[in-house]
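The values are calculated or read from the model by the stated rules, or taken from the named source; none is laboratory data. Please read all numbers here as calculations on a predicted model, not as lab measurements. When we count neighbours, we look across all protein chains shown, and the Cβ atoms used for this are built from the backbone with ideal geometry, even at glycine. All accessible areas refer to the heavy atoms of the entire protein, side chains included, with ligands and DNA or RNA removed. Shrake-Rupley method; radii C 1.70, N 1.55, O 1.52, S 1.80 Å.
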Amino acid sequence: MEISTRKKSLVILAADLYTIDELVNLIDTVGPYISALKTHVDMIIDFDKLKWKKVLKSAENNDLMIFEDRKFADIGKISQIQMGGIYDIRSWADLVTAHRISGPDIVDGLGASWSDVERIGGIFLLAQMSSRGNLLSSEYTDEVVNTGNGSPHVVGYIGNGSSAAEISDLREKSGDGKLIWTPGVNLETGVGKLGQRYGNPYDAIKSGSDGIIVGSGIYNSKDRVESAKAYAKASWDALIEREDNV
Ligand code: 5BU
């Protein structure tokens, strides 16, 4: 939120490109208008630990936290180990996503993996998803919030950005102590590819989201800078209006 306030943007860039150079180019182009960088490191076809440092450097130069959307889901001990491995996520990610499906101990496993390398990071638990037909029921969301609100490792929840009603519901359940970040957001709302659903960025923030996760809405647009600015403005305007109404 501090970075968001400095940049007047609640945009988390979903940088779903396939090569390190493309990624760096995208970050350097829209960096000033976004507040965090969301990666899928296992999508990168030319991954190399040394070359990956270019992405980390570019994120640092642009004042961005790095959020690896790995969606960990295994038992606590294995999730801890998976934070290492070939990508060594624990050594560079500030934030990661995790499912609550295997039980509450996954959050301690992930927390321990950062301790293993003397770093601190935060977890976003998937409380809702934006894709149609997902199995994260309202009762499941309750369990996610029970775990998350009781854990110092959990900094927030992923909510369904395509539905203002679901975001409000999640905000009511989670209270004000945790962040809600929402994918499934596009200035052109409707249905995306392969079951993705979209809602409006302004509506998402107005209904309680603290960060809009935007991918193709930015990297597929003809003018990436203009598009990033438009998402930043929609998100910031909505936050100001929401806080004015408190
Ligand atoms: P898009 O291009 O803005 O649709 O990309 C959305 C990104 O958010 C993409 O990286 C997904 O992996 C991610 N995402 C999502 O779309 N929906 C979800 O419920 C979760 C993550 Br969790």
- Task: Return a yes/no flag: does the range 46-53 have any residue that is under 18 Å from the mean Cα position of the chain (by Cα) and aliphatic (A, V, I, L, M).
- Result: no
- Residues Gly156, Gly148: which one is crowded, with 19+ Cβ neighbours inside 10 Å and not in a strand (DSSP E or B)? Gly148
- Within the range 63-98, can you find the residues that are under 22 Å from Val144 (Cα atoms), in contact with a Lys or Arg (Cβ under 7 Å, 6 or more places away or on another chain) and surrounded by fewer than 19 Cβ atoms within 10 Å (Cβ to Cβ)? none
- Query: Being open to solvent by 10 Å² or more (accessible area, probe 1.4 Å) and either in contact with a Pro (Cβ under 9 Å, 6 or more places away or on another chain) or farther than 24 Å from Ile3 by Cβ (or both), is that true of even one residue in the range 116-125?
  - Reply: yes
- Matching entry among Asp176, Asp142 (being closer than 30 Å to Arg119 by Cα, at pLDDT 95 or above, open to solvent by 70 Å² or more (accessible area, probe 1.4 Å) and among the charged types (D, E, K, R)): Asp176
- Task: Could you list all residues from the range 150-172 that are more than 24 Å from Gln196 (Cβ to Cβ) and away from the ligand (no atom under 16 Å from the Cβ)?
- Result: Gly150, Ser151, Pro152, His153, Glu172
- State all residues of the range 123-145 that are charged (D, E, K, R) and part of a helix (DSSP H, G or I); if no residue qualifies, say none. Glu139, Asp142, Glu143
- Among residues of the range 192-220 being open to solvent by 10 Å² or more (accessible area, probe 1.4 Å) and part of a helix (DSSP H, G or I), the residue farthest from the ligand (Cβ to nearest atom) is Lys206
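Can you find a residue that is in a loop (DSSP other than H, G, I, E, B) and within 16 Å of the ligand (Cβ to nearest atom) anywhere in the range 92-99?
For the range 92-99, residues in a loop (DSSP other than H, G, I, E, B) and within 16 Å of the ligand (Cβ to nearest atom): present.
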- Would you please name the residue that is farthest from the ligand (Cβ to nearest atom), looking only at residues in the range 127-146 that are more than 13 Å from Lys178 (Cβ to Cβ) and under 13 Å from the mean Cα position of the chain (by Cα)? Gln128
- Message: Checking the conditions here, which among Asp28, Asp42, Asp46 is closer than 18 Å to Asp88 by Cα, of a type in the set (Asp, Glu) and open to solvent by 80 Å² or more (accessible area, probe 1.4 Å)?
- Response: Asp42
- Hey, among Leu37, Leu23, Leu64, Leu95, which residue is among the aliphatic types (A, V, I, L, M), touching a residue at least 40 places away in the same chain (Cβ under 8 Å) and touching a helix residue (DSSP H, G or I) at 6+ places or on another chain (Cβ under 8 Å)? Leu64
- Query: Are there any pairs, at least 6 apart or on different chains, whose C-beta atoms fall under 6 Å, with the first in the range 126-145 and farther than 12 Å from Arg100 by Cβ and the second among the basic types (Lys, Arg), and if so, which?
  - Reply: Ser130/Arg197; Arg132/Arg197
- Message: Checking the structure you have, find out if any residue of the range 169-183 is in a helix (DSSP H, G or I), charged (D, E, K, R) and within 17 Å of the chain's Cα centre (by Cα).
- Response: yes
- Query: If you take the residues of the range 66-90 that are among the hydrophobic types (A, V, I, L, M, F, W, C) and within 16 Å of the ligand (Cβ to nearest atom), which of them is farthest from Lys229 (Cα to Cα)?
  - Reply: Ala73
